[in-house]
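Chemist: One structure coming up, written as structure tokens, with questions to follow.
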Amino acid sequence: MPLWLLSFLVQSIVVPFRLDNQGVRSQTLSWICDEGQGVFKISPAKVVIQPGSSQIFTIEGKCTAPAVVQEIWTCSTLIHGNKDPVDIYHSLISGNFIDPKVEFSLESMHFSYRYDPEIPARAISRSTRLRNLTPLPVSFVVGVKNPFTVDRLEVTLNPGERTSIEVTFNMTVSETNVSETINGQLVLSY
């Protein structure tokens, strides 16, 4: 029963599956990771399944560093009336945990505004394209501080998909007429 999973870092991946007891006696099933405490967990770890009934199990995986992880999980059963448990499954669970990667078409943006009392201040806008470089859909929130704004705060991109974000430099919010350099960053929160 091999299982291959792909997930972003720090994001839990959850996969449910069902086992049926088609026998005539109750069975106590136990799941144990052969490597000890791993990245994955199966819950419930131990359960009694009555004859003719089913149990839904959940595999959950979460990793904090980029990695390809493989763990072997053993399912053993103790059938009601027997003394010793018997291994019934040796399942390989694999996961590829990756960083989300979004590419910007522009490395930086420069805006220039010079105060002139005769000319009213106006907003200046520039556009940059974003592309999802990962094999998974990625969703993120775009953050920026005044006097910069963006035309949308939430973005979802499928693998390889591109979209544009418009960044606006708005000196009309400034209450000073002093020349200054203002640095800002677009921050993507996944």
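Computed from the coordinates by the stated procedures, all read-outs in this text should not be read as laboratory data. Fair warning: this is a prediction, and the values are worked out from it, not measured in the lab. Note that we place each Cβ from the backbone using ideal geometry, even for glycine, and neighbour counts take in every protein chain shown.
Chemist: Applying 1/(1 + (r/R0)^6) with R0 = 30 Å to the Cβ-Cβ distance of LEU186 and GLN70, what FRET efficiency is obtained, to the nearest 0.05? Each step should come with its number before you reach the end.
Modeler: Working: r = 37 Å, r/R0 = 1.22.
According to the calculation, E is roughly 0.25.
Chemist: Here's a follow-up. Could you tell me the relative contact order of the chain? Use alpha-carbon pairs under 8 Å, at least six residues apart, and round to a whole percent. Write out the running numbers ahead of the final one.
Modeler: Details: 404 pairs, mean separation 36.2, N = 190.
Value for the chain: 19 percent.
Chemist: Now, a different point. How about region 81-190: which GluC sites (Glu not before Pro) there lie in a loop by DSSP and see at most 10 other Cβ atoms within 10 Å?
Modeler: Here the sparse-neighbourhood loop sites are GLU107, GLU118, GLU175, GLU180.
Chemist: Within region 130-166, find all residues whose amide N lies under 11 Å from a label point positioned 7 Å from the Cα of ILE13 along Cα-to-beta-carbon.
Modeler: Residues 136 qualify, since their backbone N sits under 11 Å from the label point.
Chemist: Here's a follow-up. When the label point is put 7 Å from the Cα of GLU166 along its Cα-to-beta-carbon vector, which residues of region 103-128 have a backbone N closer than 15 Å?
Modeler: The answer is 123-128.
Chemist: Using a 10 Å Cβ count of at most 16 others and DSSP loop calls, identify the longest part of the chain lacking such trypsin sites (Lys or Arg not before Pro).
Modeler: That would be 153-190.
Chemist: To continue, here is another question. Along Cα→Cβ, 7 Å out, is where each label goes; now give me the distance between the ones at VAL86 and ARG129 in nm to one decimal.
Modeler: Calculated label separation equals 6.1 nm.
Chemist: Where both partners of a DSSP beta bridge lie in the chain, what percent of those bridges are antiparallel, to the nearest 5?
Modeler: The answer is about 90 percent antiparallel.
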